[in-house]
Amino acid sequence: MKKIAVFASGTGTNAVKILEYARQTGSYEVSLAVTNRTDSVFASRMLAEGVKLYVVNNAFLSCEKPLLEVLLEKDIDLIVLAGFLRKIPDELIEAFPGRIVNIHPALLPKYGGKGMYGMHVHEAVRTAQEAETGITIHLVNEEYDKGRVLFQAFVPVQTDDDAAAIAARVQKLEWEHYPRVIAEYLQELP
Ligand code: GAR
């Protein structure tokens, strides 16, 4: 069975959906959870679910060797970013070419790049009075938010929506699609 490592920094709602999907369908295994925040809801949720948790601090990310060792030791096929708010070091990207996926809460290339995460994205979409927004699931390369797009899905933005209303609609799309797109992409991998 293919194995994934899920990286997150926040509440980890996507991570939970991914774990549930993996367990229900048996299409892949969540073998490792990685976080830079021991105090995150994600960390406690993964521990409660019995997933092994690996904590990276900032220094660790610039000296990624031990994390890389753990990922290789566990035969991780795919790294899945689900709200991981640290830049992935180039060495890790080089060690996992085409094997790191990310989800972004907007329609890239719009509203991507540095500083564009979570509510900042939805606030920018609202301010620009976009008629629609959505999600982008893409491969991670050395350029922020610029890897090959695997999947996009769209939702309308209503004129009276605030950022929280947009976020709620986008989050439902993420939960619906991310776990399955991961399974489909894993099938493409040798
Ligand atoms: C998700 O909405 C994801 O798209 C976003 O972080 C959230 C994590 O939510 N990622 C980014 O903004 C990356 N630039 P979760 O912790 O509830 O899964």
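Note on the chain: lysine pairs with Cα distance below 21 Å, sequence gap of 8 or more or different chains, count 19. Legend: ranking of residues 51, 6 from fewest to most surrounding C-beta atoms inside 10 Å; resulting order 51, 6.
Residues whose amide H lies under 5 Å from that of residue 136, counting only those 5 or more places away or on a different chain, are 104, 106, 108; hydrogens are built 1.01 Å from N in the peptide plane.
With N counted as the residues of the chain, its alpha-carbon radius of gyration over 2.2 N^0.38 Å works out to 0.99. What angle, in degrees between 0 and 90 and rounded to the nearest 10, separates the Cα long axis of helix 118-127 from the longest principal axis of the Cα atoms of the chain? The two axes meet at around 20 degrees. With Cα atoms as the point set, region 93-136 shows a radius of gyration and Dmax of 12.5, 40 Å.
At a threshold of 8 angstrom on Cα-Cα distance, excluding pairs fewer than six apart, so keeping six or more, what relative contact order does the chain reach in percent? The partial results should precede the final answer.
On the way: 327 pairs, mean separation 37.8, N = 190.
Value for the chain: 20 percent.
Positive end of the dipole of the chain (Cβ unit charges, origin at the Cα centre): among 135, 104, 54, the Cα lying farthest that way belongs to 54. Dividing the alpha-carbon radius of gyration of region 71-167 by the rule-of-thumb value 2.2 N^0.38 Å gives 1.18.
Among beta bridges identified by DSSP and lying wholly in the chain, the antiparallel ones come to about 40 percent. The Rg/Rh ratio for region 1-100 is 0.93, where Rg is the radius of gyration of the alpha carbons and Rh is the Kirkwood radius.
All of the numbers you see were taken from the coordinates with simple rules; none came from a lab. Quick caveat, the model's predicted, so the values are computed rather than measured. Counting neighbours? That spans all protein chains shown, and the Cβs are built from the backbone with ideal geometry, glycine included.
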